[in-house]
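The values are calculated or read from the model by the stated rules, or taken from the named source; none is laboratory data. Remember, it's a predicted structure, so these values are computed and weren't measured experimentally. Every residue, glycine as well, gets a Cβ built from its backbone with ideal geometry; the counts of neighbours run over all protein chains shown.
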Amino acid sequence: MSTLPSILLILYSLTSVGSLSLDSADEPKDLSNGAMGIADARHLLDRTCFGAPQQQLQEYAQLNRAEAVNRLLNTLQTEAKTPLPKWHEMSFQEIRDLRKKDTRAFGKTQRGWQREARNWWANELLISESPLTERLVLMWHGHFTSEMRTVKSPHAMLRQNQLFREKGSGSFDDLLRAIATDSAMALYLDTQKSKKGKPNENFARELFELFSLGEGHYTEKDVKEAARAFTGYRILGSKGEVRKVARFHDPSVKTVLGRRGRLDGIDVVNTVLTKPACGEWIARRFWLEFVSPTPDPKILKKWGKVLRDADWDLKALLTRILNSDSFWSEEYRGSLVKSPVDLVIGSLRRMEIQDMPGLLINRNLLSMGQVLFDPPNVAGWPGGTAWIDSTTLLGRRKFLQDGITSAMIYSTYQKKNGGRGVGDTSMDPGMDPEMDPKATPEMNPAGMNSPQRLNRREIRRYRPLAAQSVEKMYQQFIDGKSMNEGAWLLSWLPFQPVTDADQNRTGFGRLDEIVLDPTYQLK
Amino acid sequence: MEFDRRTFLHLSGGACLPWLIPGVEAWAFDDPEKKQIDLASGLRERTLILVELQGGNDGLNTVIPLRDERYRELRPRIGLKANQVIELGSNLGMHSALKPLTEAWEADEASWILGLGYPEPNRSHFRSIEIWETGSDSDEELQEGWLTRMLKSQPDPERAAEGIVIGGGDAGPLYGTGLRVISMDDPEKFSQQARSVPEVARGNDARKALEHLLDVQDDIKKAAGIIEEKIESSPDHGVKFPRTRFGQRCQIAAEMVASGVPCPVIKLSIGGFDTHTNQLNRHTRLLTELADGLAALRKALVATGKWDRTLISTYSEFGRRARENGSEGTDHGTAAPHLLIGGMVKGGFSGKQPNLGRLVKDDLIHTTDYRRLYATIEQRWFGLKGRSEVSRGARPLEVIRKS
């Protein structure tokens, strides 16, 4: 550690609270009256949002931690910024009729919708004014998983996505009840097919194991009994509402988690919500998302209680977490591996690129092992070091090496040419991560199979302009209040770079020396 | 130590040669020094290709008890009819979708190990695959894959890696520290991209995530160098592989083995076996993809003279419930048969088909501890001395020919 030169000194001089000891009680306290500095601002925004544009980083750096958290939580939304694709409004009957008319043609249409749904969300992640909301949507998508490759219906998947936006920072009990009667979930975990006398255990098992309690807090018998309680739920409403149908439902007496009665699915969910293990399980999910890969059971107990005492108000839990010593602890800085969404969306947001088509975002995510709406299995994305293996690391480096540069050149071109034709990805036949596992992660729009690709001459022309904008960004940063070269690095990286940074590089070189350093993969 | 062993091998090359021939048992020699040498040779000369059937393969519709009436009672709707089964003898047959494997079966190179499982089976996908991949008991949590425990005491710097995972999926039985595991989709693209990865001088860094990242960088550079060199002189096997995802993975595995990339374990996977609903069609499609891929792999390795040095083994988190569910599918179950196939395999059935008359809550009772498969691979395939941390006391099955 003796080799750490000025960087750490700068870090300590910029953060008004020097080193924090981990308080096992983890009570929130008045952290500071002064400005928290750039390292803390990066930490907060990398973890809760998907990075942030430079100006925002600098604004947050002037606030103290409590103010910053407050300001951030006030950005929470319940609706997406961009309107959902038009076909989203179709009723189940309309969709059914369309399928009846021509099954094959319908299959093709549906695959097109699936692509649009993916591209729509990728775009929303990029341009949303409340990235914290989208982070929670993504977290819940990885918790209450459904896979589009199984569910098929893009309508149901988008509805579920909207559900996470609407209730993802509201009350957890509402969210859990809504998930138990969500159409994508009914299709994914087979409640749709479960009936009296022939119960299907799929949903009941995952409800306990992954969604609400965790292993060790229920028995095989609970699963079997709960499966009977979940019989007879069917997608009926014109917008995919799930209702209990008496003639398929098993009304007999069951005993689930110690409660006995003629229980139905909602009764089972309500029983789950009386268990302390449930609050802790959700606290654990938040810890893994926001703090570190190694939860502290003692603190989870406390956070679980915070959640239950607040009537399951998720915002109360989040407030507690973001004000906790654990969240700010130096020990956990850089302990989380950026997910592909973090890496791609975070880099683009930081570089203020708003016009990368969803299609290209998804192609890049695919090369790093993440496909929106298609987590690998019902446990969601494992995250952490599992994001990094030899294949995905090479995919990540390719994006950081060529992808960002190309995106900036493209963006510069768009700005100079009035931004026509941007974002219309529905026409592009190239993107279907599922069908084409080897889709090139190329993001250079010049190589893109679309009408608005750039030719070589245009790339030559716009490349220097794009490189200048990096330089401009750097100068603006340095000119900001009490910022310097060390602070510039801290606005990108969780700790000192491990490759030798050549301080004399300019333009894209200046960017490369940061984003290609292994520490940029961490947050 | 490492250096000495290699030097000795090199110097006494001619004398060592017979021991390097696959199948010569290590413990034929008493001299502990010589034994060491030979132990490593199994790992150097032979490859294990693992095929993970993700989601829990329905064993009872893979190897079918043809004349058992209880089979039809348990599976009135999804039970296979006589014309959907290929008879293999002993009143058992295999799903007709596995037809491409009959050539290997008739050549006595395919063995079905019946009724593999463990006591107090867990029915969660995640926990049960963890049990299978770590080789643990049902109520025990181990931090490392069973192959990790087997291989980490057998380092060999000349390997490209200890394991290569082809086409996605995790390291599974190779999980844990101390092994170099590479995952790739395509060897050429892999080598090309590896060139730009920087060399980073390593400090004594305690940050786990960063440490992992730098480890992966090092592994990439080393493996890419070796693979690139070997693939360049890859022999032509002349086999056209199926264009399915699994088929393409088999093709890359064939290329690795045929060109002699030094790596003891290759892991492939094929997903979608969680057939809760509408099982008949889905399962047929999956087994067809599996069998087509494996048959092509066999052809390619026979053509390049590597078939005797290859052992392919399937595994999966569990079998499925013996009694069908109400959605023309099957729920998570317990024991299942698995396939061993390779030039040195003694064909036939091994172990006992679980008794359909003795079910526990509609589930099969396993007849063979799944770790007997691991003991077989450790001792009979790689010729290593049996160690309890790998086999957990299970005995090897006699399903590998001596030479």
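Of the residues making up the range A:304-314, those that are surrounded by 16 or more Cβ atoms within 10 Å (Cβ to Cβ) and either closer than 18 Å to A:Val272 by Cβ or in contact (Cβ under 8 Å) with a residue 40 or more places away in the chain (or both) are A:Gly304, A:Leu307, A:Arg308, A:Ala310, A:Trp312, A:Asp313, A:Leu314. Checked against the criterion of being crowded, with 23+ Cβ neighbours inside 10 Å and farther than 21 Å from B:Glu133 by Cβ, the candidates B:Arg358, B:Arg401, B:Arg321 yield just one match: B:Arg321.
Flag: B:Ser183 matches the condition of being surrounded by 15 or more Cβ atoms within 10 Å (Cβ to Cβ) and of a type in the set (Gly, Ala, Ser).
Matching residues to (1) assigned to a helix (DSSP H, G or I); (2) basic (Lys, Arg); (3) touching a residue at least 60 places away in the same chain (Cβ under 8 Å):
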{"position": "A:Ser335", "(1), (2), (3)": "no, no, yes"}
{"position": "A:Asp342", "(1), (2), (3)": "yes, no, yes"}
{"position": "A:Met356", "(1), (2), (3)": "no, no, yes"}
{"position": "A:Asn362", "(1), (2), (3)": "yes, no, yes"}
{"position": "A:Leu366", "(1), (2), (3)": "yes, no, yes"}
{"position": "A:Gln370", "(1), (2), (3)": "no, no, no"}
{"position": "A:Asp374", "(1), (2), (3)": "no, no, yes"}
{"position": "A:Val378", "(1), (2), (3)": "no, no, yes"}
{"position": "A:Thr392", "(1), (2), (3)": "yes, no, no"}
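Return yes when A:Thr391 is at pLDDT below 95, of a type in the set (S, T, N, Q) and surrounded by 24 or more Cβ atoms within 10 Å (Cβ to Cβ) and no when it is not. When the stated conditions are applied, A:Thr391 passes them.
Restricting attention to the range A:247-302, the residues being of a type in the set (Val, Ile, Thr) and farther than 30 Å from A:Arg333 by Cβ number 9.
Against the list (1) in contact with a His (Cβ under 9 Å, 6 or more places away or on another chain); (2) within 20 Å of B:Tyr374 (Cβ to Cβ); (3) within 14 Å of chain A (Cβ to nearest Cβ), the condition B:Ile78 fails is (2). Would you confirm whether any residue within the range B:153-164 is closer than 19 Å to B:Asp363 by Cα, within 14 Å of another protein chain (Cβ to nearest Cβ) and touching a residue at least 60 places away in the same chain (Cβ under 8 Å)? Checked against the condition, which is being closer than 19 Å to B:Asp363 by Cα, within 14 Å of another protein chain (Cβ to nearest Cβ) and touching a residue at least 60 places away in the same chain (Cβ under 8 Å), the range B:153-164 yields no hits at all. Hey, does the range A:126-145 have a residue that's within 14 Å of chain B (Cβ to nearest Cβ), surrounded by 23 or more Cβ atoms within 10 Å (Cβ to Cβ) and farther than 22 Å from A:Arg308 by Cα? The answer is yes; a qualifying residue exists.
Looking only at residues in the range A:375-416 that are among the small types (Gly, Ala, Ser) and more than 21 Å from the chain's Cα centre (by Cα), the one that is farthest from B:Gly271 (Cα to Cα) is A:Ser411.
When residues in the range B:77-100 are screened for being in a helix (DSSP H, G or I) and within 18 Å of B:Gly351 (Cα to Cα), 0 of them pass. Scanning the range A:194-205 for residues that are out of contact with any His (no Cβ under 7 Å at 6 or more places or on another chain) and buried (at least 22 other Cβ atoms within 10 Å of the Cβ) gives A:Ser194, A:Pro199, A:Glu201, A:Phe203, A:Ala204, A:Arg205. Within the range B:197-213, the set of residues being more than 7 Å from chain A (Cβ to nearest Cβ) and at pLDDT below 85 comprises B:Glu199, B:Ala201, B:Arg202, B:Gly203, B:Asn204, B:Asp205, B:Ala206.
Are any of the residues in the range A:275-287 within 14 Å of chain B (Cβ to nearest Cβ), farther than 21 Å from A:His141 by Cβ, touching a residue at least 40 places away in the same chain (Cβ under 8 Å) and not in a helix (DSSP H, G or I)? There is no residue in the range A:275-287 that is within 14 Å of chain B (Cβ to nearest Cβ), farther than 21 Å from A:His141 by Cβ, touching a residue at least 40 places away in the same chain (Cβ under 8 Å) and not in a helix (DSSP H, G or I).
All of (1) of a type outside the set (A, V, I, L, M); (2) within 30 Å of A:Thr499 (Cα to Cα); (3) touching a Phe, Trp or Tyr at 6+ places or on another chain (Cβ under 7 Å) hold for B:Gln251 with one exception: (2). Taking B:Ser234 as the residue in question, decide whether it is polar (S, T, N, Q) and away from every other protein chain (no Cβ under 13 Å). Yes; evaluated as a whole, the condition is true for this residue. Of all residues in the range A:146-163, none are farther than 29 Å from A:Gly107 by Cβ and among the hydrophobic types (A, V, I, L, M, F, W, C).
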